[in-house]
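Nothing in this text is a laboratory measurement; each read-out follows from the coordinates by a stated rule. Remember, predicted model here, so these are calculated numbers, not experimental data. With ideal geometry, Cβ positions are generated from the backbone for all residues, glycine too; neighbour counts draw on all protein chains shown.
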Amino acid sequence: MRALIIRHDHPSGSGFVGERLVERGFELTEVLVVPEERWNEPHQAVEFPDPRDFDVVVSLGAPWSVDSAEVARWVQGEHGELALLRTAVEADVPVLGVCFGGQALAVALGGTVERAPKPEVGWTHVSSDDTGLVGEGPWFQWHFDRFEPPPDAYEIARTGIASQAYVVGRSLGVQFHPEVTPEIVRSWLEWGGYAEARDLGVDPDDLLRVEPGAQVRSFALVDAFLDRIARI
């Protein structure tokens, strides 16, 4: 089985999600959308593979907004990521959208994205209607925008700030980051996150703490996604 991993920026790896997919027998194909040398100039054209060549698509987070002009060339248009996600769903290829990826999946299928009333940064408990699919956490969050799920979706988790998870067909979008490892968070901090966290009044050391059970919860989410939603 093959999984397409859309990695939008170099500090953001697939972490626990990728690790569990490999353990479940998937071969990972990673596409790095914005390489390190283009970090400050993400407005570029990107050639994405055909999602129909894969058994599952995972779209990860990003430091940009889905509707930002900075990334419009690879998000919008006939060959952009929104089109890729729409094609995947229409071809019955399951998608797991994470943070930016969950927002992009929502927009691709008729939902919306807007600025959240306040950022959510750090380890956060969520309210879940289906704890067997999306546990209540705590889950790691780092986002300024929020999604409105697509019309055909049903929301299964939320906080007081934002919708946190929805299911649409064989796909799942989440606002939090099940993939994060301490190494990923450290990389985010090194690439602008330290200043951003301090501006928000968040202690970076709190973000780096090892949250007990994070890997177990992430693996359980991936398993439930594959077994119950994607049905692979």
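At a glance:
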item	result
Most to least packed among 109-119, 177-187 [average Cβ atoms within 10 Å]	177-187, 109-119
Dipole in debye (nearest 20) - the chain, about Cα centre, beta carbon charges: Lys, Arg +1; Asp, Glu -1	360
Total formal charge among the other residues, if their Cβ is under 14 angstrom from that of residue 77, Lys/Arg +1 and Asp/Glu -1	-2
Relative packing of peptides 24-37, 80-93 - highest average C-beta neighbours within 10 Å first	80-93, 24-37
Percent antiparallel among DSSP beta bridges (both partners in the chain, rounded to 5)	55
Candidates 219, 48, 140, ranked by Gaussian network fluctuation over the chain, Cα under 10 Å, top entry	48
Contact order normalised by residue count of the chain, Cα under 8 Å, 6+ apart, percent	19
Per residue convex hull volume, Cα atoms of region 2-230, in Å³	110
Residues whose placed amide H lies under 5 Å from that of residue 157, excluding near-sequence neighbours	129, 164, 165
Whole-Å distance, taken between Cα centres, linking region 80-98 and region 6-52	14
Neighbourhood net charge (12 Å Cβ-Cβ; Lys/Arg +1, Asp/Glu -1) for residue 67	-2
Spherically averaged projected area of region 109-186 from its Cα convex hull (nm²)	5.3
Within-14-Å neighbourhood charge of residue 36 [Cβ basis; K, R +1; D, E -1]	-2
